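Report on the structure given below.
Just so you know, all these numbers are worked out from the coordinates, no wet-lab data involved. Predicted, not measured: the structure shown is a model, and the values here were computed from it. Because the Cβ atoms are built from the backbone with ideal geometry, glycine has one as well, and the counts that use them run over all protein chains shown.
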Amino acid sequence: MIRLEPIKGEKVILREFELNDAEDLYENWGTDEEVSKYMLWKNYKSVDDAINSINYYIECYKKDDPFKQYAIEYNGEVVGSINIVTSKRHKTGEIAYCLSKKYWRKGIMSEAINLLVDYYFKNYELVRISAEAIEPNIASRKLLEKCEFKLEGILRKKYFCKTNKHEDAYVYAIINS
Ligand SMILES: CC(C)(COP(=O)(O)OP(=O)(O)OC[C@H]1O[C@@H](n2cnc3c(N)ncnc32)[C@H](O)[C@@H]1OP(=O)(O)O)[C@@H](O)C(=O)NCCC(=O)NCCS
């Protein structure tokens, strides 16, 4: 039973994760330390770690949790993920994303972000969607700017990162006008 409606773009489809995406998740980005370099999660050690993550995503779909993790499907393969955490009360959301290194700089994540933002502005009537990127993550900061998110502020030394130090978090948001 599908609980999240797929969101279709020109290049990608955003859809629910299924258990048989575990190999793609594991192989394409779950084990890649370059992908997770500026993120807080630990790399996977086995396909079981990917299965556990997907089971958690599925539980969240089932209970209509505010956290919704979408698989990014490109040419029939799952190449990355993008999630949104929404607040029904405030009508706001926060996104986070990652993509297999093989597919960087093909316009995949900018399309995924634009699709998700348009969909949640329209269908959930969100007024604001935000995202955070740490200071050294230039790719993610430029990506958000390209998607018309505006830099709102810098939260100094917010996260202790794999860079082995506390990093500033750059907070970006887009408003539904
Ligand atoms: C950040 C990330 C998602 C970008 O995805 P992508 O699909 O390669 O991005 P796009 O191809 O849509 O690029 C859109 C814009 O982002 C910027 N950008 C993307 N990668 C960049 C890089 N390595 N350096 C500088 N700018 C970059 C550019 O402005 C680009 O537009 P252009 O290609 O017209 O110049 C990808 O590099 C990634 O998964 N990184 C690791 C995980 C991560 O950092 N996630 C975000 C945590 S906050």
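Quick notes
- With the simple model of a label 7 Å out from the Cα in the direction of the Cβ, LYS45 to ALA139 spans 2.6 nm.
- Magnitude of the charge dipole for the chain, about its Cα centre and with charges confined to Cβ atoms of Lys, Arg (+1) and Asp, Glu (-1), is about 700 debye.
- Prolate/oblate/rounded label for the stretch 84-176 (Cα gyration tensor, a/c 1.5): oblate
- Under 18 Å from a label point set 7 Å out along the Cα-to-Cβ vector of LYS157, the amide N atoms of the stretch 131-149 belong to 134-136.
- Charging the Cβ of each Asp and Glu at -1 and of each Lys and Arg at +1, and nothing else, the dipole of the stretch 15-63 about its Cα centre rounds to 320 debye.
- Working note: Cα atoms of the stretch 7-127, range along each principal axis, descending, whole Å: 38, 31, 27.
- DSSP-assigned coil residues among GluC sites (Glu not before Pro) in the stretch 28-75, each with at most 10 further Cβ atoms within 10 Å: GLU33, GLU34
- 5 angstrom amide H check on ASP168, placed H, neighbours 5+ away: GLU135, LYS157, LYS158
- Burial ordering of LEU116, LEU155, fewest other beta-carbon atoms within 10 Å first: LEU155, LEU116
- Loop-located chymotrypsin sites (Phe, Trp or Tyr not before Pro) in the stretch 41-144 whose Cβ has at most 12 other Cβ within 10 Å (DSSP): TRP41
- Filter on LYS106/LYS142; LYS37/LYS88; LYS68/LYS91; LYS68/LYS122 - keep pairs with C-alpha separation over 23 Å: LYS37/LYS88
- Neighbour-count order for ILE72, ILE2, fewest beta carbons within 10 angstrom listed first: ILE2, ILE72
- Computed helical MRE - 222 nm, the chain, DSSP H runs ≥ 4 contributing -39500 (n - 2.57), nearest 500: -7500 deg cm²/dmol
- Distance from the Cα centroid of the stretch 80-99 to that of the stretch 32-73 is 13 Å (rounded to whole angstrom).
- Look at ILE95, ILE58, ILE51 and count the other Cβ atoms within 10 Å of each Cβ; fewest to most, that gives ILE58, ILE51, ILE95.
- ³J(HN,Hα) computed for each position of the stretch 114-124 - Karplus, 6.51 cos²θ - 1.76 cosθ + 1.60, integer Hz, glycine/proline x: 4, 5, 5, 4, 4, 5, 6, 5, 7, 7, 10
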